[in-house]
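Student: The following block contains the structure, expressed as structure tokens.
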Amino acid sequence: MSKMTVAELSERFRKEFDAMPRIFSAPGRVNLIGEHTDYNDGFVLPTAIGFYTRVAVSPRSDTKLFLSSTEFPERLESDITSLPRQKLGAWSDYVLGVAQALIQADCGLSGANLLVHGEVPMGAGLSSSAALEVASALALLSMRNENLPLKAIAKLCQAAENNFVGARVGIMDQFVSCFGKEGHALLLDCRSLDFELVPVPAEVKLVICNTMVKHQHAGGEYNRRREQCEQGVLILSNFYPGIKALRDVSSDQLAAYESEMPAVVYKRCRHIVDENARVIEAVESFRKGNLGRVGSLMQDSHRSLRDLYEVSSRELDLMVESAQGLPGFYGGRMTGGGFGGCTVNLVESDQAESFARQIAERYQEKTGIPPDVYICSPANGAGAELGIQPE
Ligand code: GLA
């Protein structure tokens, strides 16, 4: 995930395909709070981060898709008249999945050469896959001068991951990769897809600490959590016929029927119901400038993900523990799907460097693993280079 300038990427593309490309970019994300709530029609509060995946593209006169990456040696060749219908198990799945989703959505597809350069750390829970999907969608759409609204692009990319890659992910990652805004977190209602931008003050940084243990969605645990939530909704709908998702259930309503549910299903539901409430309170606290409260809600979220939703890991817990008591630290938690990846920490800007140094030392002492630490601020979402934001 080395950085490469747009000029360097263009040059590399020209050498490989003997054409000048157009370039599209989409960022990774970090979720401040609202974990596993998106596929329960709930609320999330992610921000885009300044790591981008860039896709350089040029048209072809035939129906072939040539896919290359600056990180992987092999070049994949496919044909838009006979695209695979399911994943092949390579990085190119995310691009092929988007190509397939464009066809399914009747958006059309033309032959193209694509060269991908990703800066988002892979398998770290920072949505390198969503970044690749969104940048690829913009690149492929540009080949036909198609102008799809960004919300439709986010949904199409989610469909690619659900149907082609086989991970039943929610809409959060693709959505914030499209709509992220510098200096802001994005409060998304995952049912209506209405969103609000919530200013994140410059006096704090988002310090992202990578446990260096990779996570894997398709590993089955993620989909299993979804099923347990669905089971909870099914049981609760016997008592509350109107409910469609855990989003519709209040804390008291859930408590009233605890005895009707398997213990594990109750724990999963309890996390989701409380986490939705935490998102709303975190937004209010940001708006009031109460960063201390935001921090403690993040801590509560971590405990709930660890004990009730059971998607944390030893390394994530040790990373969260390592942050406690460091100067300038408001709060931190695991971020993303879990089982590895990163924690996100809200830290006073002028303490961020020393926080990064000290948490890395502490974590390495406990685990023997030197972590990567990224000091981030909320960044802009996807667009055509250089920095143009599509509407
Ligand atoms: C992954 C998925 C998201 C979301 C998070 C957990 O990042 O892609 O849709 O479910 O896990 O909050």
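Student: Using the Cα centre of the chain as origin and beta-carbon charges of +1 (Lys, Arg) and -1 (Asp, Glu), tell me which of Ile23, Thr37, Leu83 is placed farthest towards the positive end of the dipole.
Tutor: Leu83
Student: Summing +1 for each Lys or Arg and -1 for each Asp or Glu, what net charge is found among the other residues whose Cβ lies under 14 Å from the Cβ of Leu297?
Tutor: 0
Student: A further question follows. When a/c reaches 1.5 or more, the comparison of a/b and b/c decides; with that in mind, is the range 180-222 rounded, prolate or oblate per its Cα gyration tensor?
Tutor: It is oblate, given that a/c is not under 1.5 and a/b is not larger than b/c.
Student: While we're here: Of the options Val207, Ala245, Ala263, report the single residue whose Cα projects farthest towards the positive end of the charge dipole of the range 200-274 (beta-carbon charges: Lys, Arg +1; Asp, Glu -1).
Tutor: Toward the positive end, the furthest listed residue is Val207.
Student: Under a GNM of the chain (C-alpha, springs under 10 Å), which listed residue has the highest mean-square fluctuation: Leu83, Leu188, Leu156?
Tutor: Sorting by GNM fluctuation, first place goes to Leu83.
Student: To test your reading of the geometry: what angle, between 0 and 90 degrees and rounded to tens, separates the Cα axis of helix 6-17 from the longest principal axis of the chain?
Tutor: 50 degrees
Student: Measure nothing fancy, just the Cα-based angle from helix 221-236's long axis to the longest principal axis of the chain, in degrees from 0 to 90, nearest 10.
Tutor: Taking the Cα atoms of the chain, the angle to 221-236 is about 50 degrees.
Student: Could you work out how far helix 150-159 tilts from the main Cα principal axis of the chain, as a 0 to 90 degree angle to the nearest 10?
Tutor: Between helix and principal axis, roughly 80 degrees.
Student: Which residue, Leu138, Pro149, Val95, has the largest displacement toward the positive end of the dipole of the range 87-179 when charges sit on each Cβ (Lys, Arg +1; Asp, Glu -1)?
Tutor: Positive-most Cα among the choices belongs to Pro149.
Student: If you don't mind, there's one more thing I want to ask. Rounded, prolate or oblate, given the Cα gyration tensor of the range 1-88, with a/c below 1.5 counting as rounded?
Tutor: It comes out oblate by the Cα gyration axes.
Student: For the range 275-332, how big is Rg over Rh, using alpha carbon atoms and the Kirkwood form of Rh?
Tutor: Reported Rg/Rh (Cα atoms, Kirkwood Rh): 1.00.
Student: May I pose another question? Taking a quarter of the surface of the Cα convex hull of the chain, what do you get in nm²?
Tutor: Mean projected area of the Cα convex hull: 19.0 nm².
Student: What list of ³J(HN,Hα) values in whole Hz, one per residue of the range 67-74 in order, does the Karplus curve 6.51 cos²θ - 1.76 cosθ + 1.60 (θ = phi - 60°) give from phi, with Gly and Pro shown as x?
Tutor: Whole-Hz 3J(HN,Hα) from phi for the range 67-74: 10, 10, 9, 6, 9, 10, x, 6.
Student: What ³J(HN,Hα) values, in whole Hz, does the Karplus curve 6.51 cos²θ - 1.76 cosθ + 1.60 give for the range 89-94 when θ = phi - 60°, with x put for Gly and Pro?
Tutor: Couplings: x, 10, 4, 5, 3, 5 Hz.
Student: Tell me the net charge near Gly340. Cut-off is 12 Å between Cβ atoms, Gly340 excluded, with +1 for each Lys or Arg and -1 for each Asp or Glu.
Tutor: Here the count lands on -1.
Student: Divide the volume of the convex hull of the Cα atoms of the range 85-140 by its number of residues and quote the answer in cubic angstrom per residue.
Tutor: Measuring per residue, one finds 88 Å³ for the Cα hull of the range 85-140.
Student: By the scheme Lys and Arg +1, Asp and Glu -1, what is the net charge of all other residues having a beta-carbon under 14 Å from that of Glu146?
Tutor: +1
Student: Using the structure shown, select from Lys244/Lys267; Lys3/Lys366; Lys205/Lys244; Lys3/Lys205; Lys155/Lys181 the pairs with a Cα to Cα distance greater than 28 angstrom.
Tutor: Lys3/Lys366; Lys205/Lys244
Student: Loop only per DSSP, at most 11 neighbouring Cβ atoms within 10 Å: give me the trypsin sites (Lys or Arg not before Pro) in the range 1-94, ordered by residue number.
Tutor: Counting only loop positions with at most 11 other Cβ atoms within 10 Å, the trypsin sites (Lys or Arg not before Pro) in the range 1-94 are Lys3, Arg85.
Student: Whole Å is fine, so just give me how far the alpha carbon centre of the range 1-33 lies from that of the range 318-391.
Tutor: 24 Å
Student: As a test, work out the antiparallel percent of DSSP beta bridges whose residues both lie in the chain, rounded to the nearest 5.
Tutor: 90 percent
Each value in this text was obtained by applying a stated rule to the coordinates, not by laboratory testing. This is a predicted model, so every value here is computed, not measured. All Cβ positions, glycine included, derive from the backbone under ideal geometry; neighbour counts span all protein chains shown.
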